[in-house]
1. Taking the range 339-387 as the search range and keeping residues that are within 19 Å of residue 325 (Cα to Cα) and in contact with a Pro (Cβ under 9 Å, 6 or more places away or on another chain), which one is most open to solvent (accessible area, probe 1.4 Å)?
2. Can you find a residue in the range 250-273 that is of a type outside the set (A, V, I, L, M) and touching a Pro at 6+ places or on another chain (Cβ under 6 Å)?
3. Has the range 261-283 got any residue that is modelled with pLDDT of 95 or more and hydroxyl-bearing (Ser, Thr, Tyr)?
4. From the list 57, 134, pick out the single residue that is of a type in the set (A, V, I, L, M, F, W, C), crowded, with 21+ Cβ neighbours inside 10 Å and in contact with an Asp or Glu (Cβ under 6 Å, 6 or more places away or on another chain).
5. Suppose we filter the range 428-441 for residues that are within 24 Å of residue 417 (Cα to Cα) and assigned to a loop (DSSP other than H, G, I, E, B); how many remain?
6. Where the second residue is of a type in the set (Asp, Glu) and the first is more than 13 Å from residue 479 (Cα to Cα) and lies in the range 438-465, which pairs have Cβ atoms under 9 Å and are six or more apart or on separate chains?
7. How many residues, within the range 224-269, are in a helix (DSSP H, G or I), closer than 22 Å to residue 292 by Cβ and not hydrophobic (A, V, I, L, M, F, W, C)?
8. Looking at residue 420, is it assigned to a helix (DSSP H, G or I) and touching a helix residue (DSSP H, G or I) at 6+ places or on another chain (Cβ under 9 Å)?
Amino acid sequence: RATMKSLRFISAEAFVSNAEFARRSLGGVAHNLFPLLFKASYLLEQGEVIHDLVENWPLVDFNIGKLLGTTVDYQEDLRHRTCSVCLESCLTGLRDYVLNHPSSYRKRLKVVDLTGIKDVEVQFCDCKKTMGRWARTQLLSKLCLELLFYLQQTQCNPDTFEISIDVLIDLFVTERNYELVVQALLKKCYCPLKICCVAFRSDNLALQKFFYIIKLTDPSFLHKLEIVHNVRLEMEHLEILFNSIHFPLLMSLTLPARTFNVRRFTATDEQILANIGEKLGEMTQLTELSMPFSILTGRIQKLLSPLKAPLKMLDVSNCSLNHADMTYLASSFHANHLEALDLSGHNIPDLYPSVFFKLLRHSSSVLRSLTLEDCNIQDGHVNMLILGLSSCQKLQEFKFLGNPLSSQALKHIFTFLCELPMLKNVEFPVPRDCYPINITYPVDDANLCRFDHQKYERVAEEINLILLQANREDMKASTPLFGSYDAAVQETNNELGAYLIKSFKETLEKFTTSLNKMS
């Protein structure tokens, strides 16, 4: 449905559509019209106009989330458009703002906030070329260093050195852009553009390098920390991190797979875990915690009970939780505040059905996202599942891939899901009857695609018909076989793949060496 535009916005579009005329005329434009012209230029992908608007920005702040979000003149939210043309023009315009010759107004810009951009799977911009979080990190770091080099090599207006602009950004660092970002952070105090890291993600990075760069980001301002793929952080390293660095404003923490493994715990490990719990408790702002694929059997209470603030998001997928863990979660003060919960990889129907539904009941008034992938939910559990979900009237997202459910059971579930008024996104499994009879669950990667595709398409059509008949065209139902879209992984998948091959090769070499020693 087309979004209504005000006459002001239509006029702004007409003005910026002729790039040459618009750029020539900017000097006579009222300062309060710059935000309007920026959004119109972004919508029309007028890179040159965007560059000149930023280069001559007359206001104290430039907040890309507010500029592209819903506005009075045009309610369409453009924050999900990570258009390469537009974003590169923004950043080069910012560099040239510093270098710009003196103009009729005093430079007022103090804060640039680039954190409001949303990386999504489908791009609606005409160029179809995105600039993801990694590329934004790379470009800003490069521009800061170029700017410094230029200022050192040329005779600049002395006023240029008085300029100090905080640039708020979500940094994404891997082995490939590590050196560049480190240099930009090390020279931050000399550069007019000050990189201020609000959120930090690290993938494919040696532990020593991670420890070095995280200190450079000024962790006291960090709101979100994600240590995700191929950073070999284990529990003892996490304790060292928390003992050496304070994160007073941290609201969200994601830890890599296998950070914890209680199966090999000693008395010393128990003490380390208790220390980590205490350190988490000192992070008074922490409301989001993700620690998938760790082995945490019987230790959830020790980790979470010291927390001062209730968690709003918890991901403990594939963490081998037992009945005591689930009992603690259901009875804890976190339960009433959980907006997003991921319990994938746990055999919920067999191990702790009643405690799980108690947890659902407690969180139902606020729960927006629930993920129950590979939880052994079968046809016989459907009525119980429906009963548990019926109180979750604010649920917006439900993912249950990898469960052995028949076509009939899935249609039954979707008939119910249509009654949840706020539900917008559902990820459902390939029906069990589309796979060969001898298939075992969880289905391994080798057999994941070996199902009757024609039969699946028929079932998917029937599910869409159920949605249509219930007037729920607003609900998206899909089966992403290899998991949900991850913008960060998508952007760096070549580097991730190369890292995995290298790790596999190193493991093979070590194994071969061991065999040779034995023989």
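1. The selected residue is 374.
2. To start, the set of residues in the range 250-273 that are of a type outside the set (A, V, I, L, M) comprises 252, 254, 256, 258-261, 263-266, 268-271.
Restricting the remaining residues to those that are touching a Pro at 6+ places or on another chain (Cβ under 6 Å) gives none.
Scanning the range 250-273, I find no residue that is of a type outside the set (A, V, I, L, M) and touching a Pro at 6+ places or on another chain (Cβ under 6 Å), so the answer is no.
3. Checked the range 261-283: no residue is modelled with pLDDT of 95 or more and hydroxyl-bearing (Ser, Thr, Tyr).
4. Working: 57 fails: in contact with an Asp or Glu (Cβ under 6 Å, 6 or more places away or on another chain).
Only one candidate passes the filter, namely 134.
5. Within the range 428-441, the subset within 24 Å of residue 417 (Cα to Cα) is 428-434.
With the extra rule that they be assigned to a loop (DSSP other than H, G, I, E, B), the set shrinks to 428-431.
Final tally of qualifying residues: 4.
6. 441/374; 442/373; 442/374; 443/374; 452/433; 455/433
7. Going through the range 224-269 one residue at a time, the tally reaches 6.
8. Details: assigned to a helix (DSSP H, G or I): no; touching a helix residue (DSSP H, G or I) at 6+ places or on another chain (Cβ under 9 Å): yes.
The answer is no for residue 420.
The values are calculated or read from the model by the stated rules, or taken from the named source; none is laboratory data. Note that the structure is a prediction, hence the values are computed from the model and not measured. Because the Cβ atoms are built from the backbone with ideal geometry, glycine has one as well, and the counts that use them run over all protein chains shown. For the accessible areas, the whole protein counts, side chains as well, though only heavy atoms, and no ligand, DNA or RNA atoms are used. Shrake-Rupley method; radii C 1.70, N 1.55, O 1.52, S 1.80 Å.
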